[in-house]
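A.B. asks: First the structure, which I've put down as C-alpha cells, then a few questions once you've had a look.
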Amino acid sequence: MRSRPESTEALFWLGRSAGRAGNAEKFAEYLTLVADAKPRTRRSEEALYLLAQDAADNAEIARSRAYLARLLRDYPKGVWTDVALWLQGWLAYKKKEYPAAVASWGRLVADEPGSRWRVPALYWRGRALEATRQLSEAAKAYRTLLDTSPNQYYYRLRATERLALLTKKAVPNPPSPVAHPLQAGGANGIHARKARALRSLGLTDDAAEEWSEHVRSRPDERAGLAEACGAFLDLGRYDKAMWVGSRILRPLFVQEGGQAPIPGFWQCTYPLGHIDSVRRHAGERSIDPHLVLALIREESAFAPQAFSRAGARGLMQLMPHTADLTSREHRLPPVPPSSLETPEVNIRIGVHHLADLLRDFGENLSLTLASYNAGRQPVQRWLQRYGFADEVEFVEDIPYTETRNYVKRVLGSYERYSSLYGKPAAAGGQPAGGGRMQAEKKRSGE
C-alpha cells in the first residue's frame, strides 16, 4: 500500500485511539496498515512495536515475536530497536530459551549503550547466563551493572543480591554516602541576599520563593545550590530541596560518575521530610520509617498539596475514599478531603493504609507497593496469571507500566534511604519489610 505520510499519521492515531477505547480489532487493523505503509514513515516502526507489545500482553507470544523479528530486520538501528530487543529477550527468557535471551540482551547492551533498557538487560542477561550455568559470565554482567550504573538503585540492589548468591559471600557495598553539613553563605546575587533577609524576618514563604529564583538564575553556581538546598531543608520545603536535587544536581551526579556534585547532595535528594510524624506513625505500626519516606518521595516529592489527575491528595497521595475507609477501620477521626493536604493527617492515614496492605500481602514489599499504586484486585489478578515463584520476575511482568516503574522506584529509594541514614528499628519489633530479602531467598530455596 502506498500512502501519503499525513494519511499514515492519521491511521496511526486512529489505531491508538481504538486501542485506548478497548477496540482490539480496529487497533490491529489500523496499526497493521501503518506498519505495511509504503514508503515507510517514522510511525511504521512504532506501529510494529505496539503490535508486538499488544500481542505479548494478550499472551500471543508467537505473533509478538514475529512482529519483533520484522522490526529488528527492517529497522536494525531504529528508534524502537532497543525496546524491541528488550522485549524479544524477555519473551525468550519466559519460554526458558535462555541462549536466545542472552543473545538479544547482549546485542542491546553492545549496540545501545545510551538506552534506558541497557541496565535491565544487563541484569536479566546475568540471570539468563546463570540459568545456563555460565556463572562467571553472569557475575561479570552483574559487576558491569554495578560499575557503570550509579543511579540505578533498584537494579543495583538486585544485582548485589545475585552476586552474593553466586560468590557465597556478601558483596562489599560502596561507601555509604556521607551526610555533609550544608554551609550557609555560598550563594551570591540579589535573590540570595533577599532570601537571607526575608528568612531573618520570619517570612519563610517569601524566602523560599527567593531561593527558587536564585536557583533558576544561577544553576551553575554549586556553592549557591548547596546553600539553597540547606535553606529549603531548614524552611521545611522538602519539595523544593528535591526539585534542586532531582532536576539540577542529579544530572551532574550521573555525568560525574556517581560523585556527589555538592556537599549536601544526598540530604537534598533524599530528605528526611516530616521525619517526626513519619517516625511516630511508622513506629505505631512497626513499619520502617525509611519505607514511608521512600514512598512519600516517589508519590509526591514531599509536596503536601500534591494533587493527581485521579484525585489522590497529599504527601502519600491518598484517594479520599481510601482515606475515609482507612480512618473508619481504625476508628480515627473523620477525614475531609481538604485535610489530606495536612502532612500530619496524611501521614497518619497513609501509614495505616500501607500497614494494612503489608498485612494483606504477607509483608512482601513488591506486592504491597504494587497494590498501593494499582489496587488490591489487579495485584490478585497478576498473581493468578504470573504466579510468584520469583519476585523480581513478577515485578517485570506487571502489565501496568506506571505500577511496574513505581515499584522499582520506591524500592530503589528505600535502599538509598537505608544506605544513607542507617536502618532504624521501629517500635514494636523489626520494621515491616526488613526481612524481605531473607524471605525471598527462603521461598526460592537459595
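Computed from the coordinates by the stated procedures, all read-outs in this text should not be read as laboratory data. The model shown is predicted, which means the values in this text are computed figures rather than measured ones. Counting neighbours? That spans all protein chains shown, and the Cβs are built from the backbone with ideal geometry, glycine included.
A.B. asks: According to the Kirkwood expression over distinct Cα-Cα pairs, how big is the hydrodynamic radius of segment 5-167, in Å?
C.D. replies: Here the Kirkwood hydrodynamic radius works out to 16.8 Å.
A.B. asks: At a 10 Å Cβ-Cβ cut-off, how would you order HIS191, HIS290, HIS330, fewest neighbours first?
C.D. replies: HIS330, HIS191, HIS290
A.B. asks: Let me ask another. Work out the P(r) tail for segment 190-262: percent of alpha carbon pairs separated by more than 16 Å, whole number.
C.D. replies: Percentage above 16 Å: 43.
A.B. asks: For ILE287, enumerate residues with amide H under 5 Å from its amide H, sequence gap 5+ or separate chain, H modeled in the peptide plane.
C.D. replies: ALA432
A.B. asks: Stokes-Einstein at 37 °C, 0.692 mPa s, Kirkwood radius from Cα pairs: D for segment 241-319 in µm² s⁻¹?
C.D. replies: It diffuses with D of about 240 µm²/s by this estimate.
A.B. asks: Taking H as built 1.01 Å from N, whose amide H comes closer than 5 Å to the amide H of LEU318, not counting residues under 5 places away?
C.D. replies: So LEU318 has HN proximity to ARG313.
A.B. asks: Another question about this same structure. Return one number: the angle in degrees, 0 to 90 and rounded to the nearest 10, between the long axis of the Cα atoms of helix 24-35 and the longest principal axis of the Cα atoms of the chain.
C.D. replies: 80 degrees
A.B. asks: For segment 219-224, just list the computed ³J(HN,Hα) in residue order, Karplus coefficients 6.51, -1.76 and 1.60, θ = phi - 60°, integers in Hz, with x standing in for Gly and Pro.
C.D. replies: Going residue by residue, I get x, 9, 8, 5, 4, x Hz, with x marking Gly and Pro.
A.B. asks: Less than 15 Å apart at the alpha-carbon level, and either on another chain or at least 8 residues along: which aspartates and glutamates does that give for LYS194?
C.D. replies: List returned: ASP205, ASP206, GLU209, GLU210, GLU213, GLU227.
A.B. asks: Largest first and in whole Å, give the semi-axes of segment 329-404's equivalent ellipsoid, each being the square root of 5 times a Cα gyration tensor eigenvalue.
C.D. replies: For segment 329-404, the ellipsoid semi-axes come out as 28, 13, 10 Å.
A.B. asks: For the peptides 262-271, 69-78, 30-39, what is the packing order when you average, over each peptide's residues, the other Cβ atoms within 10 Å and list the highest mean first?
C.D. replies: Answer by packing, highest mean first, reads 262-271, 30-39, 69-78.
A.B. asks: Read phi for every residue in segment 143-148 and hand back ³J(HN,Hα) as whole Hz from Karplus 6.51 cos²θ - 1.76 cosθ + 1.60, θ = phi - 60°, with x for Gly and Pro.
C.D. replies: In residue order, the calculated couplings are 5, 4, 4, 5, 7, 10 Hz.
A.B. asks: Suppose we take every Cα in segment 275-444 and form the convex hull; what volume per residue is that in Å³?
C.D. replies: 110 Å³
A.B. asks: Students often forget the sequence filter, so: which aspartates and glutamates lie under 17 Å Cα-Cα from LYS38 once same-chain residues fewer than 8 apart are removed?
C.D. replies: Within reach: GLU6, GLU9, GLU29, GLU46, ASP74.
A.B. asks: With the convex hull built on the Cα atoms of the chain, state its orientation-averaged projected area in nm².
C.D. replies: Dividing the Cα hull surface by four gives the mean projection, 24.1 nm².
A.B. asks: Is there a pair in LYS26/LYS77; LYS77/LYS408; LYS140/LYS168; LYS96/LYS140; LYS26/LYS94 whose C-alpha atoms are over 26 Å apart, and which pairs would that be?
C.D. replies: Violating the 26 Å limit, Cα to Cα: LYS26/LYS77; LYS77/LYS408; LYS26/LYS94.
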